[in-house]
1. Taking the simple approach of a point 7 Å from Cα along Cα-to-Cβ for both Q127 and A8, what is their distance in nm?
2. Report the net charge of residues surrounding Q56, where surrounding means a beta-carbon distance below 13 angstrom and charges are Lys +1, Arg +1, Asp -1, Glu -1.
3. At most 10 other C-beta atoms within 10 Å and a DSSP loop state: those are the exposed GluC sites (Glu not before Pro) I care about. Give me the longest piece of the chain that has none.
4. Between E67 and C145, what length in nm is gained on full extension when 0.36 nm per residue of separation is reduced by their alpha carbon distance?
5. Take the Cα atoms of the stretch 53-108, find their three principal axes, and give me the spread along each one in whole Å, biggest first.
6. For every helix of n ≥ 4 consecutive DSSP H residues, a contribution of -39,500 (n - 2.57) applies; sum these over the chain, divide by its total residues, and give [θ] at 222 nm rounded to the nearest 500 deg cm²/dmol.
7. Rounded to the nearest 5, what is the percent of antiparallel bridges among the DSSP beta bridges in the chain?
8. Distance in nm between label sites at D114 and R19, each 7 Å beyond Cα in the beta-carbon direction?
Amino acid sequence: MSDPAGDALHREVGARLTRHDQRYTRGRRRLIDLLASARRPLTMNDVLDLDDSLAQSSVYRNLAVLESGGAVHRIHSGDGHAHFELAEDLTEDHHHHLVCRDCGSVFDFETTTDFEGSVSRLLGEVQAQSGFRADAHRFDLIGTCRECG
């Protein structure tokens, strides 16, 4: 049985890669599946732990292709390891990140409607003053997590 949401996700990722002259290979599809099922951003080591059939060099290369194609977002953390997640516009799950500068953990957090409204107003002011047009926003709050604190 087919998963309509998963099928739509794969069609969109495939279209994005095609626009960047890249193929949507089986390995890239597997990475998208892993990221879609994850409840948090994943490091490359997390990906390899979840699917030991993937080769590290392929994972690194494919994540870079998926990122350049706009399907994956990279989050830089304090531990020097990048974390990866699906691009927000693919998930319709607007959230922000808490990044621990000590251990490099990345946690998702959601904000209130009031907060998002304030950010939208601020973006409008910035746009009016600078002429810069923002299509989206992200907040990565950097500090110390509960475990390291």
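Readers should treat all values here as calculations from the given coordinates under stated rules, not as data from a laboratory. Fair warning: this is a prediction, and the values are worked out from it, not measured in the lab. Positions of Cβ are generated from backbone atoms using ideal geometry, with glycine treated the same way; all protein chains shown enter the neighbour counts.
1. 2.5 nm
2. On the way: positive: R61; negative: D46, D49, D51, D52.
That sum, taken over residues with Cβ under 13 Å, equals -3.
3. Numbers: sites that count: E92, E110, E147.
The answer is 1-91.
4. Result for the pair: 25.4 nm of gain on full extension.
5. Result for the stretch 53-108: principal-axis Cα extents of 28, 27, 20 Å.
6. Values: 6 runs with 70 residues, N = 149.
Value at 222 nm, helices only: -14500 deg cm²/dmol.
7. Numbers: 11 of 15 bridges.
Taking every DSSP beta bridge within the chain, about 75 percent pair in antiparallel fashion.
8. 3.7 nm
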